[in-house]
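Peer 1: My questions all concern the structure below.
The values are calculated or read from the model by the stated rules, or taken from the named source; none is laboratory data. Just so it is clear, the model here is predicted, and its values are computed rather than measured. Cβ placement follows ideal geometry from the backbone for every residue including glycine, while neighbour counts extend to all protein chains displayed.
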Amino acid sequence: MKMTALSELSITQYRTEHRVLISQVLANIGWERRYIDGQLQAIDAFAGDAENCRVFVASLSDHFAGYVSIQFYAWNRLAQIHGLAVDPSLQGRGIASRLVKRAEDFVVTKRGRGVYVDTPVTNTGAREFYLKQGYKQDYVMTAYYDNDLDGVTYLKFLDLSPM
Ligand SMILES: CC(C)(COP(=O)(O)OP(=O)(O)OC[C@H]1O[C@@H](n2cnc3c(N)ncnc32)[C@H](O)[C@@H]1OP(=O)(O)O)[C@@H](O)C(=O)NCCC(=O)NCCS
């Protein structure tokens, strides 16, 4: 795809027709089928919880670009990013930054205190990405993933001062 200005980026709420497009992005990234199915099941559940969950999708000039899914927990007023992916052909253009900002804006509307996210320690690209968005590394979870891979949690507290 030719370089397209981010002004042509649209971010909207997930609809059922996006399901197959998310599946394709995750396949393009190289995810195994079982992980894609797990992610799609979570998205199905999120789509049914309008109070505490959001899935936002990004399209760049009519090309489906990626998504973010987030769940807000009322008990501690923190939210967790469950999924974030941008198609490899469209990475490096600021699309994930915009998706995460939209997810954080949702958390602010819930008067949430912050956002956290887990990723494999080996996912250096995502780790750099979260640092760039102002997240701080919080803790490492030994063998968090089923192949004995450690996980690392990034956390960002949000500014809740009145505008
Ligand atoms: C991580 C991911 C979502 C980033 O998407 P993206 O749209 O390319 O990210 P952005 O363009 O908004 O990146 C913003 C900044 O993050 C940093 N960053 C993003 N990807 C990076 C990478 N692979 N390596 C190093 N830094 C990276 C850069 O500082 C970048 O700013 P710059 O382009 O001005 O240098 C994307 O690479 C992806 O889908 N990866 C596979 C799935 C995944 O790992 N998801 C996260 C799981 S929790």
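Peer 1: For the range 12-25, check the following and say yes or no: at least one residue is at pLDDT 95 or above, under 23 Å from K156 (Cα atoms) and within 15 Å of the ligand (Cβ to nearest atom).
Peer 2: no
Peer 1: Still on this model: Looking only at the range 80-107, how many residues end up being within 7 Å of the ligand (Cβ to nearest atom), part of a strand (DSSP E or B) and out of contact with any Phe, Trp or Tyr (no Cβ under 7 Å at 6 or more places or on another chain)?
Peer 2: Final tally of qualifying residues: 3.
Peer 1: A follow-up question, please. Kindly provide the set of residues from the range 108-126 that are touching a residue at least 40 places away in the same chain (Cβ under 8 Å) and assigned to a loop (DSSP other than H, G, I, E, B), ordered by number.
Peer 2: Of everything in the range 108-126, those that are touching a residue at least 40 places away in the same chain (Cβ under 8 Å) and assigned to a loop (DSSP other than H, G, I, E, B) turn out to be K110, R111, G112, R113.
Peer 1: Would you tally the residues in the range 11-41 being buried (at least 16 other Cβ atoms within 10 Å of the Cβ), touching a residue at least 40 places away in the same chain (Cβ under 8 Å) and either in a helix (DSSP H, G or I) or in contact with a His (Cβ under 7 Å, 6 or more places away or on another chain) (or both)?
Peer 2: The qualifying residues number 6.
Peer 1: Within the range 140-163, track down each residue that is under 25 Å from R98 (Cα atoms) and loosely packed, with under 12 Cβ neighbours inside 10 Å.
Peer 2: Residues of the range 140-163 that are under 25 Å from R98 (Cα atoms), as a first pass: 151-163.
Those that are under 25 Å from R98 (Cα atoms) and loosely packed, with under 12 Cβ neighbours inside 10 Å: D159, S161, P162, M163.
Peer 1: Could you grab me the full set of residues in the range 81-104 that are within 13 Å of the chain's Cα centre (by Cα) and not small (G, A, S)?
Peer 2: Residues satisfying the conditions are I81, H82, L84, V86, D87, I95, R98, L99, V100, K101, R102, E104.
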